[in-house]
Amino acid sequence: MDLISIVSIFVLACFVGYFVVWSVTPALHTPLMAVTNAISSVIIVGALIAAAAAGSALAKWLGLLAVVLASINIFGGFAVTSRMLGMYKKKERKDA
Amino acid sequence: MPEAVHEQPAWVLLAYLAAGVCFILALRGLSHPETSQRGNRLGMIGMAIAVVTTLVTHLPSTASLPRDMLFGNDGVDWITLAQILGAVALGAAIGLATARRIAMTAMPQLVAAFHSLVGLAAVLVGAAAFLNPEAFGIAARITPIASPSFLSIDPVSRIELGLGVAIGAITFSGSVIAFLKLNGNMGGAPILLPGRHLINLGTLAAILGLIAYFTVDQSPWVFWTVTALSFAIGFLLIIPIGGADMPVVVSMLNSYSGWAAAAMGFTLHNSAMIITGALVGSSGAILSYIMCRAMNRSFLSVIAGGFGAVASSGGGEVIDRPYKRGSAEDAAFLMKQADQVVIIPGYGMAVAQAQHALREMADQLKAEGVRVKYAIHPVAGRMPGHMNVLLAEANVPYDEVFELEDINSEFAQTDVAFVIGANDVTNPAAKTDKTSPIYGMPVLDVEKARTVLFIKRSMGGAGYAGVDNELFYRDNTMMLLADAKKMVEEVVKALG
């Protein structure tokens, strides 16, 4: 992909983000922060590349450390979001 | 040339795109509590797609050149692969244990801690890319005549790399400070350095200047100075911001963690990272905007910090004014007689952990035939939506919980407004007193209710804005002076 396609994706994604986030109900703003935090750990892609690459031992270990940090976020972020969302209940089935 | 190195098979590009789409749908799911769990699962699927795709296309190989790896001709480096999977497993164990154990009242700290991890990961990935640019496909081997060949990083990639590391480092150190403040390891009061605006602007200019210089000189000192300065400015930016402005800070750091991911996505030409970065970046930015609007303050004034430190000295004329004090029995009696009770929770409820007792009280009132509703101000608590999560934790149905603009017109028909742990967001001075520091801030019109019950630990000590609340001295206000949780429990007893 060339730089122009990359920039196009970025700009369009900003607009998508703008509209999608405004549609999030304020009651779910804390889960929103937790889940955005989990997905921003997609940076693990870069960490995996660094950890798998040969050539620089230091880069590899930095990559492995980044894999640990990003994994904490991914698993912790999605799990805590799911735990929070599980608590939101409607009036009818509050005994559930 | 560098552009060619970025070429990836079509299926890889499509897989990353699919991951990005999953992330968009994950946020979309949060538009309603009923679809939210499905959204969260889509987010997990997207992440799985991104991770598996990367692992498969970047299988560690015993060959030394990444080129050989692409063709898969060489043996797999099992040791490295085991290390990677071990790293994922270690992270998963820590993450899951934390997520399971964390108390809902500690959510703001947890989110701040998670942000710091994203920031640090971005810095580490950036450093790895700088040390091993070939692996990231951003290098060109240049072999000038009569000198050893060296790796030159593509100039555009250098800017992306510099920005990614800078934003990541700011996210990291800023989030660490936010965490320490939210967790109570560090006082919530703003710490003001003399000449801090000058220091901050100077540091920021130095960072940007060095990133520009990085395009012509890729010496290690440039890269590491940018990193170090960015760590420093993240720290400097957050220490002057006081506790009540934390919702803005947490949202802003959320946004930064997204931009850091996006910058790294530019370096790697990875659509999943760019889409995610844009989503998270705009999400945090919108939340910051909503928080600022709810406080009637500009984003810049929040970032400049120092709010609350100056204002508290201004309210010198506060002397003993008469107020009405009530007991738990009075409160129980008043609420039992009511048709409608609106509960206004604030940060104090979170501190006192009073949400469960509060729900018990609401249940008893409902049994008496009273309509109970909850009114939430956007900046109640320490992060966006903080109160909603706590009430949900206490099994309060979400259709009894209302936002400011949906419930404000109802206070005139409300018999009892029950304020617990909130203060500034109920202050009528925001509507009438032009000299008040919170003038213009949208507030809940609780004073329009027939009776206001206001739980407060003591008459001393004002809200975070440091202003006295007019509401305390009104004829229709009854002060319940006690710890929030204890008072609610006593009311429950009196109702029973």
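Here, each number is a calculation from the coordinates, and none is a lab measurement. From a predicted model like this one, the values you see are computed outputs, not experimental measurements. In this analysis, Cβ positions are derived from the backbone assuming ideal geometry, glycine residues included, and neighbour counts consider all displayed protein chains.
According to the square roots a ≥ b ≥ c of the eigenvalues of the Cα gyration tensor, what is the shape class of the stretch B:149-215, taking rounded for a/c under 1.5, prolate for a/b larger than b/c otherwise, and oblate for the remainder? Numbers along the way, then the final one.
Details: a/c = 4.76, a/b = 1.98, b/c = 2.40.
The shape class here is oblate.
Return the average number of partner chain Cβ atoms within 10 angstrom of each residue Cβ along peptide B:45-58.
4
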With a point put 7 Å past each Cα toward its Cβ, work out how far B:Thr432 is from B:Tyr289 in nm, to one decimal. 3.4 nm
Rg to Rh, two decimals, where the stretch B:353-496 supplies the alpha carbon set and Rh follows Kirkwood: 0.94
With labels modelled as points extended 7 Å from the Cα through the Cβ direction, what inter-label distance (nm, one decimal) is found for A:Ser23 paired with B:Leu300? 3.4 nm
What angle, in degrees between 0 and 90 and rounded to the nearest 10, separates the Cα long axis of helix B:196-214 from the longest principal axis of the Cα atoms of chain B? 20 degrees
Dipole magnitude of chain B about its Cα centre (Cβ charges: Lys, Arg +1; Asp, Glu -1), debye to nearest 20: 440 debye
Can you report the principal axis dimensions of the stretch A:27-87 using only the alpha carbons, biggest first, rounded to whole angstrom? 48, 13, 11
Once the Cα atoms of helix B:328-337 and of chain B are each reduced to a long axis, what angle between those two axes, in degrees from 0 to 90 to the nearest 10, is obtained? 90 degrees
Mean ellipticity per residue at 222 nm, deg cm²/dmol - from DSSP H runs of n ≥ 4 across the protein assembly as shown, formula -39500 (n - 2.57): -19500 deg cm²/dmol
If the label point is 7 Å along Cα→Cβ of B:Ile142, which residues in the stretch B:193-213 have backbone nitrogen under 16 Å from it? B:213
Approximate spin-label separation A:Lys91-B:Glu410, in nm, with each point projected 7 Å along Cα-to-Cβ: 0.9 nm
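For the ranges A:19-26, B:391-398, A:44-51, what's the packing order if you count other beta-carbon atoms within 10 Å of each residue, average per peptide, and put the highest first? Kindly include the intermediate steps, with their values, before the conclusion.
Details: A:19-26: 17.8, B:391-398: 21.5, A:44-51: 28.6.
Those peptides, ordered most packed to least, come out A:44-51, B:391-398, A:19-26.
Apply the a/c threshold of 1.5 to the C-alpha gyration tensor of chain B and tell me whether it is rounded, prolate or oblate.
Details: a/c = 3.09, a/b = 1.95, b/c = 1.58.
Prolate is the answer for chain B, as a/c is 1.5 or above and a/b outweighs b/c.
Nearest 5 percent is fine: what portion of the DSSP beta bridges confined to chain B is antiparallel? Write down the numbers at each step before the final one.
Values: 5 of 28 bridges.
Taking every DSSP beta bridge within chain B, about 20 percent pair in antiparallel fashion.
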Which FRET efficiency value, to the nearest 0.05, do you get for B:Asp363 and B:Val156 by plugging their Cβ-Cβ distance into 1/(1 + (r/R0)^6) with R0 = 45 Å? 0.15
Gaussian network model of chain A, Cα springs within a sub-10 Å range: biggest mean-square fluctuation belongs to which of A:Ala57, A:Ala79, A:Ala66? A:Ala57
Taking Cα atoms only, helix B:246-268 is inclined relative to the longest principal axis of chain B by an angle, in degrees rounded to 10, of 20 degrees
Along the charge dipole of the protein assembly as shown, which of B:Asn132, B:Leu151, A:Val7 sits closest to the positive end, that is, farthest toward it, with unit charges on the beta carbon of Lys, Arg, Asp and Glu (+1, +1, -1, -1)? B:Asn132
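Provide the percentage of antiparallel DSSP beta bridges, counting only those with both residues in the protein assembly as shown; round to the nearest 5. Kindly include the intermediate steps, with their values, before the conclusion.
Details: 5 of 28 bridges.
Expressed as a percentage, antiparallel bridges in the protein assembly as shown total about 20.
Would you work out the relative contact order for the stretch A:27-87, in percent, from Cα pairs under 8 angstrom that are 6 or more residues apart? Kindly include the intermediate steps, with their values, before the conclusion.
Numbers: 54 pairs, mean separation 26.5, N = 61.
Taking the mean separation of contacting Cα pairs over the length of the stretch A:27-87, I get 43 percent.
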Going by how many other Cβ atoms sit within 10 Å of their own, how do B:Asp475, B:Asp245, B:Asp415, B:Asp406 line up, fewest first? B:Asp475, B:Asp406, B:Asp415, B:Asp245
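What FRET efficiency would be calculated for the residue pair B:Leu96, B:Leu14, taking the C-beta separation as r and a Förster radius of 35 Å, to the nearest 0.05?
On the way: r = 30 Å, r/R0 = 0.87.
Taking R0 as 35 Å, the efficiency between B:Leu96 and B:Leu14 is 0.70.
Using the structure shown, select from A:Lys90/B:Lys493; B:Lys366/B:Lys486; A:Lys90/B:Lys366; B:Lys181/B:Lys456; B:Lys336/B:Lys493 the pairs with a Cα to Cα distance greater than 19 angstrom. Before the final figure, lay out each step's value.
Details: A:Lys90/B:Lys493 27 Å; B:Lys366/B:Lys486 21 Å; A:Lys90/B:Lys366 16 Å; B:Lys181/B:Lys456 23 Å; B:Lys336/B:Lys493 13 Å.
Check vs 19 Å cut-off fails for A:Lys90/B:Lys493; B:Lys366/B:Lys486; B:Lys181/B:Lys456.
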Once R0 is set to 41 Å, what does the formula 1/(1 + (r/R0)^6) return for the Cβ-Cβ distance between B:Asp339 and B:Ala103, expressed as a FRET efficiency to the nearest 0.05? 0.70
Please arrange A:Thr81, B:Thr54, B:Thr227 by counting, for each residue, the other beta carbons lying within 10 Å of its beta carbon, fewest first. B:Thr227, B:Thr54, A:Thr81
Within the stretch B:360-401, backbone nitrogen closer than 15 Å to the virtual label 7 Å beyond the Cα of B:Ser327 toward Cβ: none
Shape of the protein assembly as shown, Cα gyration tensor, a/c cut at 1.5: prolate
